[in-house]
Amino acid sequence: MPTRPSISADRVAALILVVSFAAYGVHGHSLKSSLGVDVVGPGFFPTAVAILGVALGGVLLFRREAAPAGAGRPSLLPEVRALVPIGLMLAYVLSLDFLGFPIATLAFLTLTVRYLGSPTWLRAVVVGVAGTVAAILLFHYGLALRLPQGDLIRLW
């Protein structure tokens, strides 16, 4: 009797994520502003999260299976290293009120790019400056959003 190929638990979870994020995006995109003056609108954030979630779920769904690991003892280091970007993001969000958007974004992007494998600090700073300028141009000038200036500027 021929055996049916079974689907892995990772692929089932990825399929559930793709469907859930797609439904979230459809519902979030339908939100309308009651004030009528929002440039971005209340449906922007749910739609952006849904697009990102569907893309990442699709990557998880269609990626190749990893090769089986050796028989050695599993290391805790990869799990701890995976938490560093989350810690950087948390520090970024918490520092926005004090440092302000430009300084906090520059520091966050520089440290993140360096952590993700930039060979030199100079390259990480260049990418951080370029990302910060692009974010300011997009959010402040393109979307006319007020960015946090921070309490640090008042201390000068």
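The values are calculated or read from the model by the stated rules, or taken from the named source; none is laboratory data. The shown structure was predicted, so the numbers you read here are calculated from the model rather than taken from an experiment. No Cβ is skipped: glycine too gets one built from the backbone with ideal geometry, and neighbour counts run over all protein chains shown.
Does the stretch 46-59 include one or more residues that are surrounded by fewer than 14 Cβ atoms within 10 Å (Cβ to Cβ) and either at pLDDT below 65 or farther than 30 Å from Leu138 by Cβ (or both)? No, the stretch 46-59 contains no residue that is surrounded by fewer than 14 Cβ atoms within 10 Å (Cβ to Cβ) and either at pLDDT below 65 or farther than 30 Å from Leu138 by Cβ (or both).
For Asp38, are the conditions met, namely being among the acidic types (Asp, Glu), under 24 Å from the mean Cα position of the chain (by Cα), modelled with pLDDT under 75 and not in a loop (DSSP other than H, G, I, E, B)? No: the conditions fail for Asp38.
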